[in-house]
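Below: one structure, written as structure tokens.
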Amino acid sequence: SMPPYFAKYYSELGNSCIYAHMAKGACKIIHYFTSDTAEEYNRLITEYNSANSTNYSTISVKNLSGAGDAFDAKYKAMLNDYAEFRPESTIPNKCFVWLQGESDTHKYVEYKLKLQALWSHLQSLGFTHFFILRVGFWGSTSVINEIKAQEDFCEQNENCYIVTRAPSLIPHPSATVDNWWFQEPSEEYADCRDSYLATTSNHHFNETAHKIFARRSAANINRILHLGLPPILEDENIKDML
């Protein structure tokens with residue numbers, strides 16, 4: 001539900017957008033890799049291993065899911081449709097928005113270089129910006145490695161930004177002050193998972209959460225693209241991040 005809410009809030013700020021959307025739960029970042037993305041990652045990780053005497057694994061191109069190719073095709077079709085229906089207009093900002101990480105391998109170096117490889121591929125498609133909704137807690141404090149990787153990737157790459165930290169600030173039943181937070185999250189983040197609204201063990205973000213993500217992202221993307229200002233991010237509340 002996040003993309004249509006984003007479009008709504010973004011339009012309320014005087015902007016317009018079109019989007020191609022793909023989503024799948026419980027998948028790793030490489031689910032969306034194409035063959036050239038995997039080859040770029042293999043180059044990056046091989047260089048890293050050589051320079052640091054490590055042995056991180058490369059990716060077998062033949063094991064890719066095909067979702068990356070499907071997204072590329074959907075994105076290109078969207079651009080073709082826009083050109084057909086609005087031949088007098090152009091799209092000045094082509095932005096990739098990313099919300100993923102809970103299901104990955106929790107290895108900082110691997111995840112950060114995979115983001116780098118993905119960004120290289122996206123730029124070859126004409127994307128101008130990479131926007132990340134920072135990953136949330138999903139049963140393990142090891143996701144701190146993806147959080148750090150996302151923050152550092154955006155810090156080190158031009159036109160790459162964290163546009164909200166809200167997903168990583170929303171309570172989870174197994175995240176407590178003792179093992180995750182500096183202090184309990186504020187009341188605005190309550191009731192943002194399915195498990196808080198019904199007798200279910202499903203802890204996925206619900207509509208309330210996606211409205212928060214969409215509104216915060218819309219405001220910050222407006223600041224970045226149209227006001228020339230940096231995003232205003234939520235105060236940090238996670239141990240080991242300060």
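The values are calculated or read from the model by the stated rules, or taken from the named source; none is laboratory data. As the structure is a prediction and not an experimental result, all values here were calculated from the model. Neighbour counts run over all protein chains shown; Cβ positions are idealised from the backbone, glycine included. Side chains are part of the model used for accessible areas, which takes the heavy atoms of the whole protein and leaves out ligands, DNA and RNA. Shrake-Rupley method; radii C 1.70, N 1.55, O 1.52, S 1.80 Å.
Comparing Cα centroids, the stretch 39-102 and the stretch 107-134 end up 7 angstrom apart. In the distance distribution for the stretch 110-222, Cα-Cα pairs more than 19 Å apart total 51 percent. Surface analysis of the chain yields an accessible area of 51 Å² per residue, using protein heavy atoms and a 1.4 Å probe. The radius of gyration of the Cα set in the stretch 173-242, together with its Dmax, comes out at 14.8, 45 angstrom. Within the stretch 10-41, none of the GluC sites (Glu not before Pro) combine a DSSP coil assignment with at most 13 other C-beta atoms in a 10 angstrom radius. When Leu233, Leu113 are compared by accessible area of protein heavy atoms, the largest-first order is Leu233, Leu113, using a 1.4 Å probe. Per-peptide packing, taken as the mean over residues of other Cβ atoms within 10 Å, places 181-189, 123-131 in the sequence 123-131, 181-189 from highest down.
Between the beta carbons of Asp194 and Met241, assuming R0 = 22 Å, the FRET efficiency works out to 0.25 to the nearest 0.05.
For the stretch 113-126, 3J(HN,Hα) computed residue by residue from phi via the Karplus equation (6.51, -1.76, 1.60; θ = phi - 60°) reads 6, 5, 4, 4, 5, 5, 5, 4, 5, 4, 5, 5, 8, x Hz, glycine and proline entered as x. Taking 18 Å as the straight-line reach from the Cα of Lys239, the lysines in range (excluding those fewer than 8 positions away in the same chain) are Lys107, Lys148.
For Asp69, the shell of other residues with beta-carbons less than 13 Å away shows a net charge of 0, using +1 for Lys and Arg and -1 for Asp and Glu. GNM on the chain, alpha-carbon springs under 10 angstrom: the most fluctuating residue among Lys211, Lys24, Lys94 is Lys24.
Backbone geometry of the stretch 215-225 corresponds, through the Karplus equation with coefficients 6.51, -1.76 and 1.60 at θ = phi - 60°, to 3J(HN,Hα) couplings of 5, 5, 5, 4, 5, 6, 5, 4, 4, 5, 7 Hz, x marking Gly and Pro.
Semi-axis lengths, largest first, of the ellipsoid equivalent to the chain are 27, 26, 17 Å, with √(5λ) applied to each eigenvalue of the Cα gyration tensor.
Fully extending the segment from Glu158 to Ala20 would add 47.4 nm, taking 0.36 nm per residue of separation and subtracting the current Cα-Cα distance.
Straight-line cross-link partners of Lys211 among the aspartates and glutamates, defined as a Cα under 17 Å from its Cα and at least 8 positions apart when in the same chain: Glu12, Glu187, Glu188, Asp191, Asp194, Glu234. What does the net charge come to around Ala218 if you take all other residues with beta carbon closer than 12 Å to its beta carbon, with K and R at +1 and D and E at -1? Result for the local shell: +4. Excluding Met22 itself, what net charge comes from residues whose Cβ is under 15 Å from its Cβ, given Lys and Arg +1 and Asp and Glu -1? For residues surrounding Met22, the net value is +2.
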